[in-house]
Amino acid sequence: VLARSIGSTWRPRYIVLRAQSLEWHHGGDESGELQVLLLDARASQVRAAGDAGDDAERCLTVSGTVRGQPVCLVLRCSDASERDAWVRAVCRCIESLKAIVFDAAVAQAERNLETIAREHGARVRRAAAVREGVRLLMERFFSSSAAVASETESFEPDQAGLADALASCLLTRQGGGRG
């Protein structure tokens with residue numbers, strides 16, 4: 001595989017995909033400095049393309065962090081099937097990281113609901129459960145979105161405000177149907 005950061009030149013690299021990172025040695029052999037592109041559940045993405053002018057049939061771009069700084073690494077494979085295999089493998093790693101983050105969010109929601117039930121009773125807990133459920137659904141949706149925003153767009157919604165608004169709609173409809 002050939003690799004480069006956006007704006008640099010192609011260099012042959014032996015790249016290893018780990019559960020949370022891509023690793024390679026600077027200089028192309030194991031005597032060079034180890035480089036690590038950390039994958040992040042919320043920020044990392046992979047796409048089957050490179051920069052403008054790159055061979056789109058063989059390139060993929062992976063975003064992550066190196067030493068705390070955001071980096072896009074472009075890989076050029078020998079053919080489209082190798083590129084597709086890399087895209088699938090990196091996607092699986094990112095999805096595994098997202099699942100871990102989501103499981104932690106579900107556990108936190110359960111703790112929040114237990115606290116609310118103890119402090120405020122079952123009636124308030126029901127409304128809180130709807131809000132927590134909507135928040136979790138939105139978090140899952142936005143974290144698994146494969147859409148990549150253009151430079152002039154943003155996919156950073158006000159998730160807390162949107163979750164409260166959706167929960168209010170759900171509670172209103174459910175409450176209004178009983179009357």
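The values are calculated or read from the model by the stated rules, or taken from the named source; none is laboratory data. It should be emphasised that the depicted structure is a prediction, and the values quoted were computed from it without experimental measurement. Ideal geometry is used to build each Cβ from the backbone, glycine not excepted, and the neighbour counts take in all protein chains shown. With ligands, DNA and RNA removed, areas are computed over all heavy atoms of the protein, side chains included. Shrake-Rupley method; radii C 1.70, N 1.55, O 1.52, S 1.80 Å.
At a glance:
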read-out	value
Candidate set: the range 46-68, residues that are open to solvent by 70 Å² or more (accessible area, probe 1.4 Å) and not basic (Lys, Arg); chosen: the one nearest to Leu22 (Cα to Cα)	Glu57
Condition check for Leu39: open to solvent by less than 70 Å² (accessible area, probe 1.4 Å), in contact (Cβ under 8 Å) with a residue 12 or more places away in the chain and under 16 Å from the mean Cα position of the chain (by Cα)	yes
Members of the range 42-80 that are aliphatic (A, V, I, L, M) and either touching a Pro at 6+ places or on another chain (Cβ under 6 Å) or without any contact (Cβ under 8 Å) to a residue 40 or more places away in the chain (or both)	Ala43, Ala48, Ala49, Ala52, Ala56, Leu60, Val66, Ala80
Among residues of the range 112-136, those that are open to solvent by 60 Å² or more (accessible area, probe 1.4 Å) and either within 24 Å of the chain's Cα centre (by Cα) or modelled with pLDDT under 80 (or both), counted	7
Failed condition for Ala107, given (1) open to solvent by 40 Å² or more (accessible area, probe 1.4 Å); (2) under 30 Å from Ala127 (Cβ atoms)	(1)
Residue count, the range 1-23 (criterion: open to solvent by less than 80 Å² (accessible area, probe 1.4 Å), modelled with pLDDT under 85 and not in a loop (DSSP other than H, G, I, E, B))	4
